Each structure stands twice: as structure tokens, then as C-alpha cells.
Amino acid sequence: MTTVNRRTFRSVPHRDAVRTWTDIVELLTQGKAGADRDELLAVTGVVSCLITDQSPKEAPIVVTCDGPRTRIYCIYDEDAVDGTDASEDVLGYDPLEGQWSVSLPCGTDDLAWVQSTLSTHGSRVTARDVSSGISIDDDETRLSKAGPLILDPKGFLES
């Protein structure tokens, strides 16, 4: 099963949407310059629109890679100013290790133009309908269909 880590970023009015995204990019790239950082920064305009619309408030930005999955939410208004629920700590792994991708939550009305615009910058950063939820890996689906885990206490006693 995939390990999932959550981060929550303070957004508007604590920081504007562009700064929120650049700080998220900083977390994801671990401060390293390079092609991954350039690819994420290339979509700043589109992502800042989604952040301004508060799309990542209830539905996360989902980052998948060869390691753990990262879900990033944003908090707004008084919660952003207060910062009590924020969690912007450095991750203990490289969230862009190997074949990575970023899935952005987007309102239904904006989905077509956001997807079209993102596609001009590559295929790693995509948008999904905010109401569609998060797709889970095939392995997780397979495991959940296998049924509940049954504990065999006799197996613990045998050596």
C-alpha cells in the first residue's frame, strides 16, 4: 500500500496565490534547481488561479512518485492568518523521485481550459475535477477487493 503524507499551506491572505505555489514548489523540489522545478514553475499562472479559487481547500493537490504520495491542502482566510492548522514542514523523502506527477483539483467550469493550458507545459502536471475525488493505485484497489484481513492467532504460537 502507498504511504501518504499530508501538508497544509497557509494561503490567502497570509500569502498570495503565486507565493503559495512557489512555496509548494520549494517543498517539492527541496530547494534544488533543475528541470523538475522549471516544469512546476512553468504552470504558476494556472495553479495560482486554482489556489485563488480555493480548489485545494477541500480537495488536495496530489503528488505521486516512486516513493510516498503527498497530498497538499491550502487553508484560507482566518485559518491562514492564524496558521494553527498549517503543516509546511520539509518532507523526509524526495516527493519527485523517479516518475512523478502532480494532479491539481479544479472546478468543473474551468476544467477544460485548465487541462488544455497544462498540456502545453508537459504531461506531468494535470488537472482533475474537484468533485471526482482522488484515484487510487491499482494495488490499493486490488487489496481492498481482497476482503478483510483475518488474524490467525495459532500462527503466532507456532515456531
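Using Cα-only point scatterers and the Debye equation, what is log10 of I(q)/I(0) for the range 26-131 at each q in 0.11 Å⁻¹, rounded to two decimals? Relative scattering, expressed as log10 I(q)/I(0), comes to -0.34.
Using θ = phi - 60° in the Karplus curve 6.51 cos²θ - 1.76 cosθ + 1.60, the 3J(HN,Hα) couplings for the range 50-60 round to 5, 5, 4, 6, 6, 4, x, 6, 9, 10, x Hz; x is entered for Gly and Pro.
Each 5 Å bin from zero up to the one holding the largest Cα-Cα distance in the range 55-117 carries the following percent of pairs: 4, 15, 19, 20, 19, 15, 8, 1.
Taking the Cβ of Val90 as the centre, find all other residues whose Cβ is under 10 Å away and add up their charges (Lys, Arg: +1; Asp, Glu: -1). Local net charge: -2.
Per-residue 3J(HN,Hα) values for the range 78-85, derived from phi via the Karplus relation 6.51 cos²θ - 1.76 cosθ + 1.60 with θ = phi - 60°, read 4, 4, 5, 5, 5, x, 4, 8 Hz in sequence order (x marks Gly and Pro).
If amide H atoms are built 1.01 Å from N in the plane of the peptide, which residues on other chains or at least 5 residues away come under 5 Å of the amide H of Arg128? Under 5 Å from the amide H of Arg128: Leu104, Cys106.
Quick check: net charge around Ser55, other residues with Cβ under 12 Å of its Cβ, Lys/Arg +1 and Asp/Glu -1? Working shown, then result.
Working: positive: Lys57, Arg128; negative: Asp53, Glu58, Asp109, Asp110, Asp129.
Net charge around Ser55: -3.
I need the trypsin sites (Lys or Arg not before Pro) found in the range 23-100, filtered to DSSP loop residues with at most 16 other beta carbons within 10 Å of theirs. Display every interim value, and only then the final one.
Numbers: sites: Lys32, Arg37, Lys57, Arg69, Arg71; in loops: Lys32.
Taking the range 23-100 and a limit of 16 other Cβ atoms within 10 Å, the loop trypsin sites (Lys or Arg not before Pro) found are Lys32.
Each residue of the range 35-42 was assigned a 3J(HN,Hα) from its phi angle through the Karplus expression (A = 6.51, B = -1.76, C = 1.60, θ = phi - 60°), giving 5, 4, 4, 4, 5, 6, 6, 5 Hz with x at Gly and Pro.
Any read-out appearing in this document is the output of simple, stated calculations on the displayed coordinates, not a laboratory observation. None of these values were measured; they are calculated from a predicted model. Backbone-built Cβ (ideal geometry, glycine too); neighbour counts: all protein chains shown.
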